[in-house]
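Working notes, beginning with the structure itself.
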Amino acid sequence: MKRIKIWLIPAIILMLLDCVPVLAASSVPYHTYNYDYWENIYYTPAAYIPSGNISGVNIGIGMFSNPQDIFVAEDGNVYVADTGNNRIVVFDSNMRLKRIIDSFENEGKEDTFSSPHGVFVTADNKLYVADTSNLRVVVLNEDGSLLKLISNPTSEVLASDFVFSPLKVVADYSGRVYVIAKNIFQGIMAFDDNGNFTGFTGTINVTISTYEKIWRRLSTKRQREKQIQFIPTEFTGLDIDADGFVYATNIDSNGRQSVRKLNPKGQDVIKKAARNVRGEASLSGDLFWRLQGDYSGASRIVDVVYRGYGIYSILDTTRGRIFTYDDEGNLLYIFGGRGSQEGTFKNPVAIEAVDDKILVLDAYRGEIMTFTATRYGSLINRAVCLRYEGDEASAVELWKQVLELDSNFELAYVGIGKSLLASGDNKKAMEYFKLGMDREYYSIAYKRYRDDILEDNLGYILTAIVVLTILKIVVSQARKANAGKAERRL
Amino acid sequence: MINKEKFKYPFYVMVHPFDGFYEIRHRGKGSVFVALLLVLLFGLSFSINRRYASFVVNYVNPLSVDSRAEIAGIFFAVLLLAVSNWSITCLMEGEGRFKDILTVIGYSLLPMVLTLIPATILSWFVASSEEGLYYLIITIATIFTVILVVIGIMTIHNYTFGKTIATLFLSFIALLIIIFIILLLIYLLQQVFMFFQSLYTEVILKI
């Protein structure tokens, strides 16, 4: 008896120890939730969990001072714009310090950065730096030598007293450069590969409500001068995909659309999910928010990262949340929050992604926060990737596993429904599309189901029609005959 | 009392609105009981339609359907409309009595009562490209009801068409005023209630 007890104690301890990491992983310092078709909030498992911070101190280069941008190059190197220290810090893919770029040779003289706010690296490792206070964009070769400078753009559309202070910069495969500059409301500034200003792209039109129009009409000129100006919102963050589509974020105080996908002509081609009670889902983070007090107002989206296969994540600085959407505009998962615990932000300013990791730069803390995908997160990621490539059949297994973890995930039902539809199981497919709230595909499945039933029972239906017609004729004849008899009797 | 004729009469009114409503006013052919029964049936079929219309055409969250509240709401709306119309037409030489107005509104709902449930059943058999048929039926029934209400109000008060529209518009404004006064009354009563409640608490604590 006693022996058994002694043997039990370490067993229990082992069991407890085994539980500990699971507990740690499931209790993250932020809410993980999502919105369903009816725009109700439901809580989900965590898609990403915190997996450590990297600060300047623990690398031994001194604290980052108000860093403003982070970029992961195609070879895995991580570039950080350490704005307050006027330098660019480069890490390798394992987050070990690679080099620090704080000066370059310009016409024989040593030149430095002055509060660089944005950093971007092309596929052939050309480094673009938005050198804000020096009023220029610096382009460096891989070896650190100067390739070109973009400064003093001149154009008829720019005011004569215009000061070009770039904040964010990206470049496409052909060398076109897109810049977000301070106090520019007309859109994103586009430059050709020689650094000549070619115009604004992606301009957001101002929308004035009828109420505001009437109010303005009624007020006097002096009142109008005091009223707020209707100016378009500013762009806040940029990313670019391999095909040259620019993903740009902007502030939308109404919370309708905070991210745009601009084609080379500057038109917004982003897709919004139609699977929504309002008919068109918003692309702006949170759907509901407090009106006053701490953490109030619509999500302030400050940066976007395109993660491949149509997936992109946007960063909300108001509540420190990261919202991830797929190519159809469906909200995949939400995580992150503000606070002072590990894994929460003080002032998140930039977001990047590499493999199944998400890196967020916190300007106040001067740290890069890393998040790793959980099983839940990576299942969704992989399933969406497969769907994007058109391999819906292989995605089904993953969707089923997603549903085991989160039975409210509507997209998974749609995914499984599509494969059922392809295999001809229309009735089951209808059920799944209904759970996934997809009316379009439900209707397709229903049509096929109805056709099948009609086809199977066509014989019976036709027979019934013929029998009924004959019956009707017989009955009416009999009535006529009866009526005739009655008349004769009279 | 209520006989078979009274139950059949709404159908006659539906196809002969001018004669039908005239006889309601002047020959006592209508019945308030039947009218209220029609309102109840409309409330029921309205809720059934919201809850059981097919997924393809139904954009209502099933969790938000509460048939008791909806039926009560429809009764309240009918009552409000009748009261506001009565209070306006009284001042504008309308000949209709309150029970006539109530009867007109109730009887006019018959097309909706007759079509909502068949439309719901039809919706189970339509795919997304055929949903137009469903909406067509509902729209025709709604327009029919509106036409019946206008003709009914016009006939029982012995108005011209223009005057009918004007009184209906004024009724709508009266309706808003009634709602405002009800809310005001509730608020004031609440204040009075709270005054006595605090008085009671005060006394209890002093003793």
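Read-outs: derived from the displayed coordinates by stated rules, not from any lab. Everything quoted here is computed from the prediction, not taken from an experiment. Reconstructed Cβ throughout: ideal geometry from the backbone, glycine too, with neighbour counts over all protein chains shown.
Descriptive notes on the structure:
- Rg over Rh [alpha-carbon atoms, Kirkwood Rh] for the protein assembly as shown: 1.11
- Database remark: amide H of A:Ile334 closer than 5 angstrom to the amide H of A:Tyr33 (H placed geometrically; neighbours at sequence offset of 5 or more, or on other chains; Pro and chain starts carry no H).
- Legend: distances between Cα atoms for A:Lys400/A:Lys447; A:Lys226/A:Lys265; A:Lys109/A:Lys168; A:Lys472/B:Lys29; A:Lys182/A:Lys346; pairs beyond 29 Å are A:Lys226/A:Lys265; A:Lys472/B:Lys29.
- Peptides A:332-342, B:158-168, A:317-327, A:141-151 ordered by average Cβ neighbours within 10 Å, highest first: A:317-327, A:332-342, B:158-168, A:141-151
- A simple rule links phi to the HN-Hα coupling: the Karplus curve 6.51 cos²θ - 1.76 cosθ + 1.60 with θ = phi - 60°, which for segment A:263-275 gives 7, x, 7, x, 8, 7, 10, 5, 9, 10, 5, 8, 7 Hz, with x for Gly and Pro.
- In this simple spin-label approximation, B:Ile178 and A:Asp451 carry label points 7 Å from Cα along the Cα→Cβ vector, and these lie 5.4 nm apart.
- Separation of segment A:415-458 and segment A:75-115, taken as the distance between their Cα centroids, equals 57 angstrom.
- Those residues of segment B:38-66 whose amide nitrogen sits under 19 Å from the label point placed on B:Ile186, 7 Å along Cα→Cβ: B:66
- Percentage relative contact order, chain A, counting C-alpha pairs under 8 Å, at least six apart: 12 percent
- Alpha carbon centroid spacing (whole Å) that separates segment B:54-100 from segment A:311-357: 48 Å
- Taking θ as phi - 60° and the Karplus parameters 6.51, -1.76 and 1.60, the scalar couplings of segment A:307-315 work out to 9, x, 6, x, 8, 9, 10, 10, 10 Hz in sequence order, x denoting glycine and proline.
- Given their separation in residues at 0.36 nm each and the Cα-Cα distance between them, A:Leu158 and A:Asp111 gain 14.2 nm when the chain is fully extended.
- Crossing angle, helix A:2-26 versus chain A [Cα axis fit, 0-90 degrees, rounded to tens]: 80 degrees
- Sequentially through segment B:156-163, phi angles give Karplus couplings (6.51, -1.76, 1.60; θ = phi - 60°) of 5, 8, 6, 9, 8, 4, x, 5 Hz, Gly and Pro residues having no value and appearing as x.
- Taken over segment A:397-456, the convex hull of the Cα atoms encloses 63 Å³ per residue.
- FRET efficiency estimate (nearest 0.05) - Cβ-Cβ, A:Val57 to A:Leu135, R0 30 angstrom: 0.45
- Stretching the chain fully between A:Gln223 and A:Leu149 yields a gain of 22.1 nm (0.36 nm per residue, less the alpha carbon separation).
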